[in-house]
Amino acid sequence: MDLDLKFESVHEGILVSGTAHVMVTGECGRCLDPIEYGLDTEVQELFFFEGMGFSDGEDDEEQRRVEHDSIDLEPVLRDAVVPLLPFQPVCRDDCEGLCSECGVRLADEPGHHHEVVDPRWAALADLAKPDRRDDE
Ligand SMILES: [Zn+2]
Ligand SMILES: [Zn+2]
């Protein structure tokens, strides 16, 4: 994770803003190909000095604080990045995934399909032998 952040001292605390560049790695939920891509996200968070910004007292948990002259960026970054991660990552939006019959990657085999779709027809196909033109 690369960070390009700016820290500004403001009246209530420290304002952190900038961009986080994150490399996301995983595997495609359809074809199991490895996935790796970069993600940029804007980060902006105000860290309150102790004693500041708690007038409402309702959402303490939501408010970041400057503690012992330092701030903890990790939860901020996590909150910024996690919502951007796909629930089921795919290598491409139109990834066709794997053939349910033989497991081949459909992207590697354009037009790949199997003659027999319904197992009830398989027996018939064996008997009748599908029309094949071998005389090309
Ligand atoms: Zn894929
Ligand atoms: Zn197949």
Inset, instruction - Hey, can you tell me all the residues within the range 30-54 that are in contact with a strand residue (DSSP E or B) (Cβ under 9 Å, 6 or more places away or on another chain) and over 20 Å from LEU5 (Cα atoms)? - result: ARG30, CYS31, LEU32, ASP33, PRO34, ILE35, GLU36, TYR37, GLU50, MET52, GLY53, PHE54
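With the requirement that a residue be surrounded by fewer than 10 Cβ atoms within 10 Å (Cβ to Cβ) and either at pLDDT 90 or above or within 16 Å of ligand 2 (Cβ to nearest atom) (or both), what does the range 115-129 give you?
Here is the first cut: in the range 115-129, the residues surrounded by fewer than 10 Cβ atoms within 10 Å (Cβ to Cβ) are 115, 118-120, 127-129.
GLU115, ASP118, PRO119 - these are the residues of the range 115-129 that are surrounded by fewer than 10 Cβ atoms within 10 Å (Cβ to Cβ) and either at pLDDT 90 or above or within 16 Å of ligand 2 (Cβ to nearest atom) (or both).
Being more than 11 Å from ligand 1 (Cβ to nearest atom) and aliphatic (A, V, I, L, M) is the filter; apply it to the range 79-103 and report the residue that is surrounded by the most Cβ atoms within 10 Å (Cβ to Cβ).
Here is the first cut: in the range 79-103, the ones more than 11 Å from ligand 1 (Cβ to nearest atom) are 79-87, 99-103.
Filter once more, keeping what is aliphatic (A, V, I, L, M): 80-82, 84-85.
Details: ALA80: 19, VAL81: 16, VAL82: 8, LEU84: 11, LEU85: 11.
Within the range 79-103, the match that is surrounded by the most Cβ atoms within 10 Å (Cβ to Cβ) is ALA80.
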Inset, instruction - Search the range 89-106 for residues that are farther than 9 Å from CYS31 by Cα and touching a residue at least 24 places away in the same chain (Cβ under 8 Å) and pair each with any residue that is open to solvent by less than 50 Å² (accessible area, probe 1.4 Å) and within 6 Å of ligand 1 (Cβ to nearest atom) when their beta-carbon atoms are under 7 Å apart and the residues are at least 6 apart or on different chains. - result: PRO89/CYS28
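The values are calculated or read from the model by the stated rules, or taken from the named source; none is laboratory data. Note that this is a predicted model, so its numbers are computed, not measured. Cβ coordinates were reconstructed from backbone atoms using ideal geometry, including for glycine residues, and neighbour counts include every protein chain displayed. The protein model used for the area step is the full one, side chains on, heavy atoms only, and it has no ligands, DNA or RNA in it. Shrake-Rupley method; radii C 1.70, N 1.55, O 1.52, S 1.80 Å.
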